[in-house]
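Okay, so here's the structure we're looking at.
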Amino acid sequence: GQYLNLDKDHNGMLSKEELSRYGTATMTNVFLDRVFQECLTYDGEMAIQELMKIHGQDPVSFQDVKDEIFDMVKPKDPLKISLQDLINSNQGDTVTTILIDLNGFWTYENREALVANDSENSADLDDT
């Protein structure tokens, strides 16, 4: 549904500009350029279905990704995460956000501090 909402001209295709508004609109131009290099495009636009595939559903190698992501997904192959692994883990949205969205990555990396800060603020409200 989110992808369909991005499709402003309702042609079933997304331009880089349309895709750049995904989520909190913090995907980098480098990331967007890479997506459009790797995926099949038609006159500079990408079919929405293409976005749902990860390298043609071949396993994705995450050599430089933190072990934490592998712990979240628990892939069958300890060196690769496949699309099916993401689906089975129910963590696909979180992993994708960590990898492609600057704010999503920051929020995930700082989640413990954010929870602690929320707890402190709640305690302050209880004291008043």
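The values are calculated or read from the model by the stated rules, or taken from the named source; none is laboratory data. The model shown is predicted, which means the values in this text are computed figures rather than measured ones. Don't worry about glycine lacking a Cβ; one is built from the backbone with ideal geometry, like all the others, and counts go over all protein chains shown. These area figures cover heavy atoms from the full protein model, side chains too; ligands, DNA and RNA do not enter into them. Shrake-Rupley method; radii C 1.70, N 1.55, O 1.52, S 1.80 Å.
Below are the figures for this structure:
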{"read-out": "Qualifying positions in segment 25-34 - over 8 Å from residue 101 (Cα atoms) and touching a helix residue (DSSP H, G or I) at 6+ places or on another chain (Cβ under 6 Å)", "value": "31, 32"}
{"read-out": "Of residues in segment 10-20 being modelled with pLDDT under 85 and part of a loop (DSSP other than H, G, I, E, B), the one surrounded by the fewest Cβ atoms within 10 Å (Cβ to Cβ)", "value": "10"}
{"read-out": "Of all residues in segment 92-110 being open to solvent by 60 Å² or more (accessible area, probe 1.4 Å) and modelled with pLDDT of 75 or more, the one that is nearest to residue 67 (Cα to Cα)", "value": "99"}
{"read-out": "Boolean, residue 89 is in contact with a strand residue (DSSP E or B) (Cβ under 8 Å, 6 or more places away or on another chain) and modelled with pLDDT of 85 or more", "value": "no"}
{"read-out": "Selection status of residue 117, at pLDDT 85 or above and either under 12 Å from the mean Cα position of the chain (by Cα) or open to solvent by 50 Å² or more (accessible area, probe 1.4 Å) (or both)", "value": "no"}
{"read-out": "The one condition in (1) in contact with a strand residue (DSSP E or B) (Cβ under 8 Å, 6 or more places away or on another chain); (2) modelled with pLDDT under 85; (3) over 23 Å from residue 5 (Cβ atoms) that residue 65 fails to fulfil", "value": "(1)"}
{"read-out": "Subset of segment 21-47 [more than 16 Å from the chain's Cα centre (by Cα) and open to solvent by 100 Å² or more (accessible area, probe 1.4 Å)]", "value": "37, 42, 43"}
{"read-out": "Residue list for segment 28-47, filter: part of a loop (DSSP other than H, G, I, E, B) and either at pLDDT below 80 or more than 19 Å from residue 7 (Cβ to Cβ) (or both)", "value": "28, 39, 40"}
